[in-house]
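Q: One structure coming up, written as structure tokens, with questions to follow.
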Amino acid sequence: MDKMDTDFEAVRLENPDATSPVLLICEHASNYFPPQFDGLGLSEEVQQSHVAWDPGAYEVMRRMGNILNAKMISGCVSRLVYDCNRPPEAKDAVPVRSEIYDVPGNKDLDVDQYMERVSLCYTPFHKQVSQAINWAKLEPVLVTIHSFTPIYFGSERETDIGILHDEDTRLADAMLAHGERISDLKIERNEPYGPEDGVTYTLQRHGIERGLLNVMIEVRNDLIQTATQQDEMAELLSDMLQRALSTLEELNAGEAS
């Protein structure tokens, strides 16, 4: 492997002066492979596929950020190099196999090589999230945006939108309640993944540990392929989120009175 190239963005903060308390996060926004990794030995087709990133998720996040006037943080390196929604001790943080694909460039890494990935991707990403929370004028609301493939190991997935949570269900409960009222899409709790799959790390580290409202949104990626679809999805998710936050604010006001 060539000398480690660090002259690129590992994480990006957008709309830093936003007025909304919502902090939008997209861990798997990019399928960029730094040149020293030589695409991890993967074909161009695999590098462009959903195993390398979450297609459409970044575009939906950007549109939601504009609607909500929210800060946005995105990971700028493929999750196959390092999955920023996993802690360094997780076995799948640097996967040697993703779904049906072997990842040759991730096999037999020594400790130094592994820690280079941590320093390159994980550390700057989570440092940026922590800073955005610490410097916020209003108590942040964490919302992570993901997409998932409609076909997984040959099986079709019927879920359109997943609203995921860990032990803190407040925001997810409110979003699910409003989603049922305003959309005909199949919106489900903790689908197609749940906390048992290890997907709520960002929520745990930055939301639950601080007592902040938090939720993870998964959208089936065939529903957000075009700009029009992305606009419509961003409008729906922003509407669900705003209604949910209003409901929680009213409940808190009622409890305080």
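Q: Using Cβ contacts closer than 10 Å as the measure, can you line up Thr226, Thr200, Thr247 from fewest to most?
A: Thr226, Thr247, Thr200
Q: May I pose another question? What value, in deg cm²/dmol to 500, does the helix sum -39500 (n - 2.57) over DSSP H runs of n ≥ 4 give at 222 nm once divided by the residues of the chain?
A: -10000 deg cm²/dmol
Q: Lysines within cross-link reach of Lys71: Cα-Cα under 22 Å, excluding same-chain residues under 8 positions apart?
A: Lys71 reaches Lys127, Lys137.
Q: Please list 3J(HN,Hα) in residue order for segment 36-47, calculated via the Karplus relation 6.51 cos²θ - 1.76 cosθ + 1.60 where θ = phi - 60°; whole Hz, with x for glycine and proline.
A: Each residue's phi maps through the Karplus curve to give 5, 8, 6, x, 6, x, 9, 5, 4, 4, 5, 4 Hz.
Q: Looking only at Arg157, Arg86, Arg189, which one moves most when the chain is put into a Gaussian network model with springs between Cα atoms under 10 Å?
A: So, out of Arg157, Arg86, Arg189, the one fluctuating most is Arg157.
Q: In whole Å, what are the extents of the chain along the principal axes defined by its C-alpha atoms, from largest to smallest?
A: In descending order, the Cα extents are 62, 41, 32 Å.
Q: Next question, about the same structure. How large is Rg over Rh for segment 7-77, taking Rg from the Cα atoms and Rh as the Kirkwood inverse mean of 1/r across Cα pairs?
A: Rg/Rh for segment 7-77 comes to 1.06.
Q: What percent does the relative contact order of the chain come to when contacts are Cα pairs within less than 8 Å and at least six residues apart?
A: After rounding, I find 23 percent.
Q: Take the alpha carbon atoms of segment 143-165, find their center, do the same for segment 198-257, and report the distance between the two centers in whole angstrom.
A: What the calculation gives is 15 Å, centre to centre.
Q: Further, regarding this structure: As I understand it, the value is the acute angle between the Cα axis of helix 170-182 and the longest principal axis of the Cα atoms of the chain; what does it come to in degrees, rounded to 10?
A: Taking Cα atoms only, the helix is inclined about 70 degrees.
Q: Quick one: angle between helix 227-256 and the longest Cα principal axis of the chain, in degrees between 0 and 90, rounded to 10, please.
A: Taking the Cα atoms of the chain, the angle to 227-256 is about 50 degrees.
Q: Please list 3J(HN,Hα) in residue order for segment 211-225, calculated via the Karplus relation 6.51 cos²θ - 1.76 cosθ + 1.60 where θ = phi - 60°; whole Hz, with x for glycine and proline.
A: Whole-Hz 3J(HN,Hα) from phi for segment 211-225: x, 8, 4, 7, 7, 10, 10, 10, 10, 5, 6, 6, 8, 9, 7.
Q: In degrees, nearest 10, range 0 to 90: what is the angle between the Cα axis of helix 123-134 and the longest Cα principal axis of the chain?
A: 20
Q: Sticking with this one: Select from Leu13, Leu164, Leu109 the residue whose mean-square fluctuation is largest in a Gaussian network model of the chain (Cα-Cα springs shorter than 10 Å).
A: Answer for the Gaussian network model of the chain: Leu109.
Q: So what's the net charge close to Val219: Lys and Arg +1, Asp and Glu -1, counting the other residues with Cβ under 9 Å from its Cβ?
A: Net local charge, Val219 excluded: -2.
Q: Could I ask something else about it? If contacts are Cα pairs under 8 angstrom and at least 6 residues apart, what is the relative contact order of segment 1-148 in percent?
A: In percent, rounded to a whole number, it is 36.
Q: Next question, about the same structure. Under 10 Å, Cα contacts only: if you run a Gaussian network model on the chain, which one of Asp239, Asp112, Asp231 comes out with the highest mean-square fluctuation?
A: Of the options given, Asp112 has the highest mean-square fluctuation.
Q: Given H placed 1.01 Å from N in the peptide plane, which residues other than close sequence neighbours of Tyr152 have an amide H under 5 Å from its amide H?
A: Arg157
Q: Under a 5 Å amide H to amide H cut-off, with H placed in plane at 1.01 Å, what residues pair with Val141 once short-range neighbours are removed?
A: Val22, Leu23
Q: So, one more: Would you list which lysines come within 20 Å of Lys107, measuring only between C-alpha atoms, while excluding same-chain residues fewer than 8 positions from it?
A: Partners within reach: Lys3, Lys91.
Q: HN-Hα J couplings of segment 91-101 from phi, Karplus 6.51/-1.76/1.60, θ = phi - 60°, integer Hz, Gly and Pro as x?
A: 5, 9, 5, 10, x, 8, 8, 10, 6, 9, 10
All of the numbers you see were taken from the coordinates with simple rules; none came from a lab. Predicted model only: the values in this text are computed from it and were never measured. Glycine also receives a Cβ, built like all others from the backbone with ideal geometry; neighbour counts cover every protein chain displayed.
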